[in-house]
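Novice: A single structure is presented below for examination.
The values are calculated or read from the model by the stated rules, or taken from the named source; none is laboratory data. What you see is a predicted model; the values in this text were computed from it and never measured. All Cβ positions, glycine included, derive from the backbone under ideal geometry; neighbour counts span all protein chains shown. Heavy atoms of the whole protein, side chains included, go into the accessibility calculation; ligands, DNA and RNA do not. Shrake-Rupley method; radii C 1.70, N 1.55, O 1.52, S 1.80 Å.
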Amino acid sequence: MKISCAFDSGAIEVLSLEDPSNIRLRLRSDNAADFHQWFHFRLTGAAGKPVRMVFENAASAAYPEGWPDYRCVASYDRQNWFRIATTRYEDGALIVEHTPERDTLYYAYFEPYSHERHLDLVGRVEQSPYAQVRNLGSTVEGRDLDLIEVGRPSPRRVPLWIIARQHPGETMAEWFVEGLLERLLDGADAVARKVREHAVLYIVPNMNPDGAVRGNLRTNAAGCNLNRAWREPDAATSPEVLRVRSEMERTGCELFLDIHGDESLPYVFFSTAEEVPGYGAEALEAQARFIECFAAVSPDFQTHEGYKPGRFADELLTLASKWVAHRFGCVSLTLEMPFKDNANLPDGHVGWNGARSKRLGAAMLNPILRHLEAGRAG
Ligand code: ZN
């Protein structure tokens, strides 16, 4: 038997591999920070063997409340990912029991979204007559920070911003953007056509490509949690935020969406802007309209479960969507999707996954259009 993780977003530490019924593992921390929860590795040579893997440091993970009711994902072909029902959290350890049918398979915290897939997405978008790809500069480790611009700027077009994957382990965020982009660039889709007519969309599919490739959960290569860097971004430790923020200052922003995943809550929900100081009544009304419209078009989205008020305390304005709400006074939301499953529409085989995130991204065009039309009427 062998376990390896020397590939895109690979992450695990092996303590002991002698006995298939007691494989001892540790969740590996981000390269320059102490967060751990993401894992992605390949197991070979275990076909037909009942394997029991114990992640011994699960209790000290960034979100230990992410483990109860969590089920590990696995794939033989890296295309089709399924959940392993016999995953449990016991005495501070995550335990996965599984008998592989083949000699090679992959296990991960959630369906991965590779850097190669990111580059393929950007390349595909470049072929569209409605979009262009722009380079916003480099990440800490010199990767390209890609900005996709849909629609040509003009005074009658409203600037909208959508960013994803500030937290690199939240791969569902980039699956979401892929689904949104595919619909947005569809010449036959009436909603997409109207959105392109009324808006210029600035979309960053991956804010943190370094962290994504390294298999980090929450930080970039310099150990920075980008979603706590928006008040004072720094050229050395958070150039990704600095560059996006400067571009946003140049274009303006009339709607902002920041796409994430939540380890603990088994629901799709927004983190909203009412706690932002000075946030106006008009923006609150537009926010309510936006949320209502999204709930009407996507039964995966709900408004009953979410973060409690006061969660971010003093850090509030260091978060992207709160900083944007404060700076631009526009509708500015953080979308959270589950790592586990959507408890309102559970799927025993795949849980929440890439395909469902993509459909949710496509559905987001409806509230965007409604927002644009209300703005034009008002
Ligand atoms: Zn996040």
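Novice: For the chain, find the longest principal axis of its Cα atoms and tell me its angle to the long axis of helix 115-126, 0 to 90°, nearest 10.
Specialist: That works out to roughly 30 degrees.
Novice: Something else: Count neighbours as other Cβ atoms within 10 Å of each site's Cβ, and list the trypsin sites (Lys or Arg not before Pro) in region 255-332 that are DSSP loop with at most 16 such neighbours.
Specialist: Qualifying residues, ordered by number: Arg311.
Novice: Counting pairs of alpha carbon atoms under 8 Å apart in space and at least six apart in sequence, what relative contact order in percent does region 261-378 give?
Specialist: 42
Novice: Which residue, Thr318, Leu17, Ala363, has the largest displacement toward the positive end of the dipole of the chain when charges sit on each Cβ (Lys, Arg +1; Asp, Glu -1)?
Specialist: Ala363
Novice: Next question. Rank Leu226, Leu284, Ser264 by how far each Cα sits towards the positive end of the charge dipole of region 224-308 (+1 on Lys, Arg Cβ; -1 on Asp, Glu Cβ) and give me just the farthest.
Specialist: Working it through, the farthest residue towards the positive pole turns out to be Leu226.
Novice: Probe radius 1.4 Å, ligands and nucleic acids left out: which of Leu317, Leu242, Leu121 has the largest accessible area, and how do the rest follow?
Specialist: Correct descending sequence by accessible area is Leu242, Leu317, Leu121.
Novice: If you don't mind, there's one more thing I want to ask. Quick one: pull the percent of accessible area on the chain belonging to carbon and sulfur, 1.4 Å probe, ligands and nucleic acids left out. Mind dumping the intermediate values first?
Specialist: Values: 6980 of 15000 Å².
Ligands and nucleic acids excluded, carbon and sulfur reach 47 percent.
Novice: Counting other Cβ atoms within 10 Å, which GluC sites (Glu not before Pro) in region 72-154 have at most 15 and lie in a DSSP loop? Mind dumping the intermediate values first?
Specialist: Working: sites: Glu90, Glu97, Glu101, Glu116, Glu126, Glu141, Glu149; in loops: Glu101, Glu141.
Those satisfying the criteria are Glu101, Glu141.
Novice: While we're here: Taking 8 Å as the Cα distance limit and 6 or more residues as the minimum spacing, I'd like the relative contact order of region 224-326 as a percentage. Please report the intermediate quantities before stating the final value.
Specialist: Working: 85 pairs, mean separation 43.2, N = 103.
Normalised by residue count, the contact order of region 224-326 is 42 percent.
Novice: Report, ordered by chain and residue number, the aspartates and glutamates lying within cross-link reach of Lys194, taken as a straight Cα distance under 20 Å and ignoring same-chain residues fewer than 8 apart.
Specialist: Once the sequence-local aspartates and glutamates are set aside, what remains near Lys194 is Glu149, Glu178, Glu182, Asp186, Glu254, Glu292, Glu373.
Novice: Are there any trypsin sites (Lys or Arg not before Pro) in region 36-131 that are in a DSSP loop and have at most 12 other Cβ atoms within 10 Å? List them by number.
Specialist: Passing both the DSSP loop test and the Cβ count: Arg102.
Novice: Quick one: net charge around Arg289, please, counting Lys, Arg +1 and Asp, Glu -1 for every other residue with C-beta under 13 Å from its C-beta. It would help to have the intermediate numbers written out before the result.
Specialist: Numbers: positive: Arg370; negative: Glu282, Glu285, Glu292, Glu373.
In short, -3.
Novice: Here's a follow-up. Could you do me a favour and compute the accessible area per residue for region 2-108, 1.4 Å probe, result in Å²?
Specialist: On a per-residue basis, 45 Å².
Novice: Now for a different question. Treat every Asp and Glu Cβ in region 269-371 as -1 and every Lys and Arg Cβ as +1, leave all other atoms uncharged, and give the resulting dipole magnitude about the Cα centre to the nearest 20 debye.
Specialist: Numbers: 10 positive and 12 negative charges, 61 e Å.
With Lys and Arg at +1 and Asp and Glu at -1, about 300 debye.
Novice: So what's the back-of-envelope 222 nm ellipticity for the chain, counting only DSSP H runs of four-plus at -39500 (n - 2.57) apiece and dividing by all residues, rounded to 500?
Specialist: Calculated mean residue ellipticity at 222 nm is -8000 deg cm²/dmol.
Novice: Taking the solvent-accessible surface of protein heavy atoms with a 1.4 Å probe, what is the per residue accessible area of region 115-377 in Å²?
Specialist: On a per-residue basis, 38 Å².
Novice: From the Cα gyration tensor of region 115-377, with a ≥ b ≥ c the square roots of its eigenvalues, which class applies: rounded if a/c is under 1.5, or else prolate if a/b is larger than b/c, or else oblate?
Specialist: Taking the square roots of the gyration eigenvalues as a ≥ b ≥ c, region 115-377 is rounded.
Novice: Next question. Please calculate the 1.4 Å probe accessible area of Asp8, with all protein chains present, and give it to the nearest 10 Å².
Specialist: Counting only protein heavy atoms, the figure is 50 Å².
Novice: Take every Cα pair under 8 Å in the chain that's 6+ residues apart, average their separations, divide by the length, and report that relative contact order as a whole percent.
Specialist: The value is 18 percent.
Novice: May I ask for the angle, rounded to the nearest 10°, between helix 281-297 and the longest principal axis of the chain, with both axes built from Cα atoms and the value confined to 0 to 90°?
Specialist: 50
Novice: With +1 on each Lys and Arg Cβ and -1 on each Asp and Glu Cβ, how big is the dipole of the chain about its Cα centre, in debye rounded to the nearest 20?
Specialist: 700
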